[in-house]
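Structure first, commentary second.
The values are calculated or read from the model by the stated rules, or taken from the named source; none is laboratory data. Everything numeric here is computed off the predicted structure, so don't read it as measured data. Reconstructed Cβ throughout: ideal geometry from the backbone, glycine too, with neighbour counts over all protein chains shown. When the accessible area is computed, the model is the full protein with side chains, heavy atoms only, and any ligands, DNA or RNA have been set aside. Shrake-Rupley method; radii C 1.70, N 1.55, O 1.52, S 1.80 Å.
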Amino acid sequence: MTITPFLWFETQAEEAMHYYLSIFPSGKSNAVHRAQGRVMSVEFELEGQRFMALNGGTPSQFTESISFFVNCDTQADIDRLWTTLTGDGGAPSRCGWLKDKFGMSWQIIPSSLGRLLSGGGDAARAGRVLQAMLQMAKLDVATLQRAYDGN
């Protein structure tokens, strides 16, 4: 048994697939399904996660109630993903959230965030990290670490 996110686009399923594949280089296109000369759906993988996308006509809009959480090991990964996903019509939000040009919500999060927000059991330290994060759109690991350290 598997669970595969299924994305509904008006007509941009193939465009979205290629866009996401350009951002995540280890991704791959698995299938493009056509009917009467038009793309109906696509199947692809990003970082080992399978996705399907449909050209289904006018869809409901994507909302923040569903987002893709990307756990980043480095600030360089955060910076690259943030710049790419907010570029070309995307929009930054708060606390590591953004929307891409298709309106899909993403959380671009440093892998160290859970540890930093826990404060190592120190409520004051955790509070400083939380307050620092609440001031950010794109998360900055060095700034969060300084808050954790009390600097």
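Annotations
- Positive minus negative residues near Arg94 (Lys, Arg vs Asp, Glu; Cβ under 13 Å): +1
- Low-density loop cleavage sites - GluC sites (Glu not before Pro) in region 17-115, where at most 16 other Cβ are within 10 Å (DSSP): Glu47, Glu64
- Size descriptor, Kirkwood hydrodynamic radius, that averages inverse alpha-carbon separations across region 91-151, Å: 11.9
- In terms of its alpha-carbon gyration tensor, region 5-70 comes out oblate; a/c meets the 1.5 threshold, while b/c is at least as large as a/b.
- Per residue, the solvent-accessible area of region 26-133 (1.4 Å probe, heavy atoms of protein chains only, all protein chains present) comes to 53 Å².
- With each label modelled as a point 7 angstrom along the Cα→C-beta vector, the Asp88-His33 pair spans 2.5 nm.
- With Cα atoms, 0 to 90° folded angle of helix 75-86 axis to the chain main axis: 40
- Assigned charges on the beta-carbon of Lys, Arg, Asp, Glu; the chain dipole about Cα centre (debye): 180
- Other-chain or far-sequence residues with amide H under 5 Å of Asn30's (modelled H): Glu43, Phe44, Glu45
- Distant-in-sequence amide contacts of Gly90, defined by a placed amide H-H separation under 5 Å and a gap of 5 or more residues or a different chain, comprise Lys101.
- Reachable lysines, given that their alpha-carbon falls under 24 Å from the alpha-carbon of Lys138 and they are not under 8 places away in the same chain: Lys99, Lys101
- Hydrodynamic radius (Kirkwood) for the chain, which is based on Cα pairs only, to one decimal in Å: 16.8
- Put simply, when 121-128, 136-143 are sorted by average Cβ atoms within 10 angstrom per residue, most first, you get 136-143, 121-128.
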